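Following: one structure in structure tokens, then a few remarks.
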Amino acid sequence: MSSKRTKGVTVVYPIVYGNVATLLPQKKVPDSDHTHKWTVSVRGINGSDISHFVKKVTFKLHETYSNPQRGTFVEQPPFEITETGWGEFELSIKLQFVEPGEKPVSLYHNLRLHPYEEDGSISTVNRNKPVQSFQYDELVFTDPSEALYQILTQHPIPTLPLRSSPNMPYSLQAEQDELRKIDEAYKKVQEQLVLYKNKMEKITKELDDVKGNLEQHKK
């Protein structure tokens, strides 16, 4: 394939990656302390196929697994692996593209096995329900090769729906809500910084007054 680049062109492809985990029945895995079965996957939003431009996905697991580097056989959809385990850890997901001139992209995901309460403690109420932990991201191809550009544009690129639904939490509405939350958090931080600055100025003035009084008493 040609490695010539399409200058001034950017193609954005939305993806979703993460894991789903279920609690294993006791003694489901003989002679093992594994407590959960989990599947890590990467795909387009709405479950769209990405195999027309993704050649291979390599999943790198925790070093305690006998074969932590997975990906030799994940060369066709669905791009996922299923394992069992007992602990949560960060894993990497490396995407290699059909056009060899494109650099691979590495994603990172914190494997989640347990449902958590807002305070960070593990929920005991929902522990038997499947746990899902997915995140939305975008693959951004800047000045892609002509071959990859042709491949990408020959297939419909999925777009975010206007509103969220139980089966599709990612939407333009959710994106705007997230931006609003970030903006509100930023404003709160700025307000706290102003309060902190005023407090420090007050303390500094009080210390200067005390220091001045002490110097007067010495005279």
> Looking at (1) surrounded by 11 or more Cβ atoms within 10 Å (Cβ to Cβ); (2) assigned to a loop (DSSP other than H, G, I, E, B), which is the one condition that is false for ASP119?
Replying inline: (1)
>> Show the residue pairs meeting these rules: Cβ distance below 6 Å; 6+ apart or different chains; first residue within the stretch 160-181 and in a loop (DSSP other than H, G, I, E, B); second residue open to solvent by 100 Å² or more (accessible area, probe 1.4 Å).
In response: SER171/ARG163
>> Tally up the residues in the stretch 115-159 that are without any contact (Cβ under 8 Å) to a residue 24 or more places away in the chain and basic (Lys, Arg), please.
In response: 1
> Restricting attention to the stretch 60-84, and to residues there that are modelled with pLDDT under 90 and open to solvent by less than 60 Å² (accessible area, probe 1.4 Å), which single residue is farthest from the chain's Cα centre (by Cα)?
Replying inline: TYR65
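Here is a yes/no grid of residues against (1) touching a Pro at 6+ places or on another chain (Cβ under 7 Å); (2) of a type in the set (Ser, Thr, Tyr); (3) loosely packed, with under 15 Cβ neighbours inside 10 Å:
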position	(1), (2), (3)
GLY44	yes, no, no
GLY47	no, no, yes
VAL54	no, no, no
THR58	no, yes, no
TRP86	no, no, yes
TYR108	no, yes, yes
ARG112	no, no, no
> Is it the case that the stretch 136-148 has a residue that's crowded, with 16+ Cβ neighbours inside 10 Å, β-branched (Val, Ile, Thr) and not in a loop (DSSP other than H, G, I, E, B)?
Replying inline: no
>> For the stretch 182-219, which positions are of a type in the set (S, T, N, Q) and either in contact (Cβ under 8 Å) with a residue 40 or more places away in the chain or open to solvent by 90 Å² or more (accessible area, probe 1.4 Å) (or both)?
In response: GLN192, GLN216
>> Restricting to the stretch 105-161, name every residue that is at pLDDT 90 or above, over 30 Å from ARG5 (Cα atoms) and of a type in the set (A, V, I, L, M).
In response: LEU111, LEU113, VAL131
>> Filter the stretch 89-104 down to the residues that are surrounded by fewer than 17 Cβ atoms within 10 Å (Cβ to Cβ) and out of contact with any Ser or Thr (no Cβ under 6 Å at 6 or more places or on another chain) and list them by number.
In response: PHE89, GLU90, VAL98, PRO100, LYS103, PRO104
> Does VAL210 qualify as being modelled with pLDDT under 90 and not in a loop (DSSP other than H, G, I, E, B)?
Replying inline: yes
> When the stretch 90-116 is examined, which residues are found to be under 30 Å from PHE141 (Cβ atoms), assigned to a loop (DSSP other than H, G, I, E, B) and of a type in the set (A, V, I, L, M, F, W, C)?
Replying inline: VAL98, LEU111
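The values are calculated or read from the model by the stated rules, or taken from the named source; none is laboratory data. The structure displayed is predicted, hence computed values, not measured ones. Using ideal geometry, Cβ is built from the backbone for each residue, glycine included, and neighbour counts are taken over all protein chains shown. In case anyone asks, the SASA skips ligands and DNA or RNA and just uses the protein heavy atoms, side chains included. Shrake-Rupley method; radii C 1.70, N 1.55, O 1.52, S 1.80 Å.
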